[in-house]
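Chemist: This structure is in structure tokens; I'll ask about it shortly.
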Amino acid sequence: MPREHGYLCALMPVERIPYADTGRFADPVLDHLAGDPFIRQFLELPADVAGLKQAAAARSFDPDFRTILCSALDAQHSTLELHSEVRASLRKLRDPKCLTVTTGHQLCLFTGPLYVPYKILNTIRLALEAEGLLGRPVVPVFWLASEDHDAAEIDHAVINGRTIRWSGAVGGAVGRMKLTSITAQVEEAIEAIGPGTESATLANALREAYTEERTLAEATRHFLHALFGRYGLVILDGDDPALKRLFAPIIAEELVNQVGERSVAYANDKMRERYTPQAHAREINLFHLRKDHRSRIVRDGDHYQVLDDGPRWTLEELLVRVESRPEEFSPNVVLRPVYQEHILPNIAYIGGGGELAYWIQLRWLFQALRVPIPVLFLRTSAATISAKHIRQWNALGLTTKDLFGDLATLQAQVAQRDAPFRTDLGVERAAIEGAYRDVLATATRADASLSGSVEARRAQALRGLERLEKGLLRAAKRDQAVALNRMDTIKAALFPGGGLQERRDSILPRIAAEGLVALDNWKDVLDPLDPTFVVVVEP
């Protein structure tokens, strides 16, 4: 598929801010992007072209695994009217040389916040570029996190500031939930999206995907295919008996030897020299799946107990169950990446900062289970700002980088700089300090016991001066109220509720207004090989 250059790049200013300058990313992630030597003991492969080439050169994939993977994917995609590019991707995957680039996420309603499509577009772009760099087929994959059981994280979407909440979510793996009574939420989402030249097309896609007879996993697959199928995106649901059968030996290894707990504990001991570990490895890092439940498995004496009144087995009985019904078992956050990499010919994973932080803990787990770890790329973060707002911001003598600074500090700086009077009493402070030094010398010569009294008067005078400075700053802020209110407005637009736009806003209004070309444009802007925060200035 030829790469096209979208109008966001061609016509709109795009400024790229180093992640370290945003103050919003953890040290392990920044160190990984910077190639810090300490981080390389946890993540050997750098997040760049060299890392991709190293991963591809080292990656082998069992031909029998490939056959089972391709058959499972064919079955999973059989209910879709496949885009020709997805058909091509599924054919490519049968090639013994074919590799994958993967991302994954929870099954957020109606694609969820912006960062979910950003991850997908990053994956599509990196797969395309990797194919050119490596001279071998590379397919983009989206992993449906259908086995997660946190319904509160996937039962809502925010569209144009309006929260649409689905009340039909129950317990258990979210992907298996039937979309009971979803029709009202679909119509509410369509209303929230608002008018646009492509709003009718998008409304039809939502209605066709989110039907009450489907599960959330099925609906998510249909809707993502409608949006991203033309890029050849393959959508993989790990909640699949054939794929779980490939994973069964690792499930058994975890039950017998608790390899997850031991490996992650080893990594955490090393990490604590500089970082705080993010993920907690349990004695057994597996869940058991049954209707409306995804429950932890714990060891209880000589038995293994499924919590929430689930089954109870001896180890021998449990291993027989894993062998006969592997689809009943689900990896937790520690083992899920291993499952993904075990069943895919993967060379790169694209995740958010939180994801990368816990992947860093997993090197020795992958090593112990003899599963190759991919190159880890940070998904691109992005925000939009109107041309009017950026002009107003720059007119205050502030840069795009300053948008990420503390608002109160910036406002104080602007007020002090532009007020028609001084707010800094540094000269007076120095004069008081000098005067009291002289007084102290005189008093000490007369009576050493007077030094305490002099020091108390000096401190009192300086405290009074400090109160005067605060009063002058308040006066300066009142004098510059128009400018400071404007700064409030601009920051609130860029960081709604104090967070990034990408963690709250939806991409659907943009698609309704512009059509799927909006995705082309964002694909051009979001470059996972350029590890910077993207700020796009819009008219």
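The values are calculated or read from the model by the stated rules, or taken from the named source; none is laboratory data. What you see is a predicted model, and the numbers here were worked out from it, not measured in a lab. Heads up, the Cβs are rebuilt from the backbone with ideal geometry, glycines too, and the neighbour counts pull from every protein chain shown. With ligands, DNA and RNA removed, areas are computed over all heavy atoms of the protein, side chains included. Shrake-Rupley method; radii C 1.70, N 1.55, O 1.52, S 1.80 Å.
Chemist: Under 22 Å from E341 (Cβ atoms), open to solvent by less than 40 Å² (accessible area, probe 1.4 Å), touching a residue at least 40 places away in the same chain (Cβ under 8 Å) and in contact with an Asp or Glu (Cβ under 9 Å, 6 or more places away or on another chain) - does that describe any residue in region 171-180?
Modeler: yes
Chemist: Within region 406-424, which residues are touching a residue at least 24 places away in the same chain (Cβ under 8 Å), assigned to a loop (DSSP other than H, G, I, E, B) and open to solvent by 20 Å² or more (accessible area, probe 1.4 Å)?
Modeler: Once the filter is applied, which keeps residues that are touching a residue at least 24 places away in the same chain (Cβ under 8 Å), assigned to a loop (DSSP other than H, G, I, E, B) and open to solvent by 20 Å² or more (accessible area, probe 1.4 Å), region 406-424 yields P420, F421, R422, D424.
Chemist: Got a sec? Which of E218, E187, E191, E213 is open to solvent by 30 Å² or more (accessible area, probe 1.4 Å), assigned to a loop (DSSP other than H, G, I, E, B) and of a type outside the set (F, W, Y)?
Modeler: The conditions single out E213.
Chemist: Return the pairs, sorted by first residue and then second, in which the second residue is in a loop (DSSP other than H, G, I, E, B) and open to solvent by less than 70 Å² (accessible area, probe 1.4 Å), the first residue lies in region 270-283 and is within 14 Å of P331 (Cα to Cα), the beta carbons are less than 8 Å apart, and the residues are 6+ apart or on different chains.
Modeler: Once the first residue is within 14 Å of P331 (Cα to Cα) and sits in region 270-283, its partners that are in a loop (DSSP other than H, G, I, E, B) and open to solvent by less than 70 Å² (accessible area, probe 1.4 Å) give A279/V333; A279/V334; A281/V334; R282/N332; R282/V334; E283/Q258.
Chemist: Kindly indicate the residue of region 522-539 that is farther than 11 Å from V14 by Cβ and at pLDDT below 95 and also most open to solvent (accessible area, probe 1.4 Å) among those meeting that condition.
Modeler: This residue is P539.
Chemist: Got a sec? Which of G132, G35 is surrounded by fewer than 22 Cβ atoms within 10 Å (Cβ to Cβ) and modelled with pLDDT under 95?
Modeler: The unique qualifying residue is G35.
Yes or no, residue by residue, for (1) under 19 Å from the mean Cα position of the chain (by Cα); (2) within 30 Å of D155 (Cα to Cα); (3) part of a helix (DSSP H, G or I):
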{"residue": "F25", "(1), (2), (3)": "yes, yes, no"}
{"residue": "P28", "(1), (2), (3)": "yes, no, yes"}
{"residue": "R40", "(1), (2), (3)": "no, no, yes"}
{"residue": "A75", "(1), (2), (3)": "no, yes, yes"}
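Residues checked against (1) open to solvent by 70 Å² or more (accessible area, probe 1.4 Å); (2) modelled with pLDDT under 95; (3) in a helix (DSSP H, G or I):
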| residue | (1), (2), (3) |
| --- | --- |
| L246 | no, no, yes |
| A252 | no, no, yes |
| L255 | no, no, yes |
| A265 | no, no, yes |
| T276 | yes, yes, no |
| W313 | no, no, no |
| E316 | yes, no, yes |
| Y339 | no, no, yes |
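Chemist: Of (1) at pLDDT 95 or above; (2) not in a loop (DSSP other than H, G, I, E, B), L8 satisfies all except one. Which?
Modeler: Just one mismatch for L8, condition (1).
To keep it simple, each residue is scored yes or no on (1) on the phi > 0 side of the Ramachandran plot; (2) surrounded by fewer than 19 Cβ atoms within 10 Å (Cβ to Cβ); (3) touching an Asp or Glu at 6+ places or on another chain (Cβ under 8 Å).
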position: Q367; (1), (2), (3): no, yes, no
position: R370; (1), (2), (3): yes, yes, no
position: L376; (1), (2), (3): no, no, no
position: T380; (1), (2), (3): no, no, yes
position: I390; (1), (2), (3): no, no, no
position: G397; (1), (2), (3): yes, yes, no
position: K401; (1), (2), (3): no, yes, yes
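Chemist: For R245, state whether it is basic (K, R) and under 23 Å from H149 (Cα atoms).
Modeler: Criteria met by R245.
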